[in-house]
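Quick note: the coordinates plus some simple rules give every number you see, no bench work behind them. Treat the numbers as computed from the prediction; the structure is a model and nothing was measured. Methodologically, a virtual Cβ is constructed for each residue, glycine included, from the backbone with ideal geometry; neighbour enumeration extends over all protein chains shown.
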Amino acid sequence: PVSLPNGSMYGYQNTLEVGKKTVIIEPIINRQLKESEVVVDIATWHYGTALRLSDGRLLMCGASAGPATRREVNVLYKKSGYGGELRRANPDLFTFVESPSLRRMHVRKISCGATHTAIITEERGLLTWGEGNGGRLGHGNHRFYGEPTRVEAFVNTIPLDVSCGIWHTHILALVPPH
């Protein structure tokens, strides 16, 4: 792992903020992390980013991470002068936080597809969440899962690596002999 000063991380992006669009075309330092939080792996998807830290914690931000981090994707704002309400993206989604359901778990590997995420943990093996269309989560259905959920098909295996594509997920695992 490479330790950057002040726990910093470089990046550039297209982000949707409350009421405006910000386009950053030159790499800038993201100073949200503490100096003790060393990033060892990073994965991005359609509307979010996931960071694996050297201590095994997983931090996420973005609209796709909303359900897993228990933050509302949209918030209501009162319109001034005209009354009524306006629904906008929650600005808190652009701050990295840990998913409550993953606390006390040591994440070994992360991967993100366009609308889904997969991780391998020391304690629970393979977990996936997000859009399940086409069976990409491995739960035997096409449902959306807002929380990281263990993939039961891999309970008796040792997942080594995971890679998410746009519409699919591949897992490299040790399988016991029959």
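Data overview
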| read-out | value |
| --- | --- |
| Ranked packing of 141-149, 52-60, 108-116, most packed first, by mean Cβ within 10 Å | 108-116, 52-60, 141-149 |
| Signed unit charges on C-beta, dipole axis of the stretch 110-178, positive-most listed residue Leu127, Gly140, His170 | Gly140 |
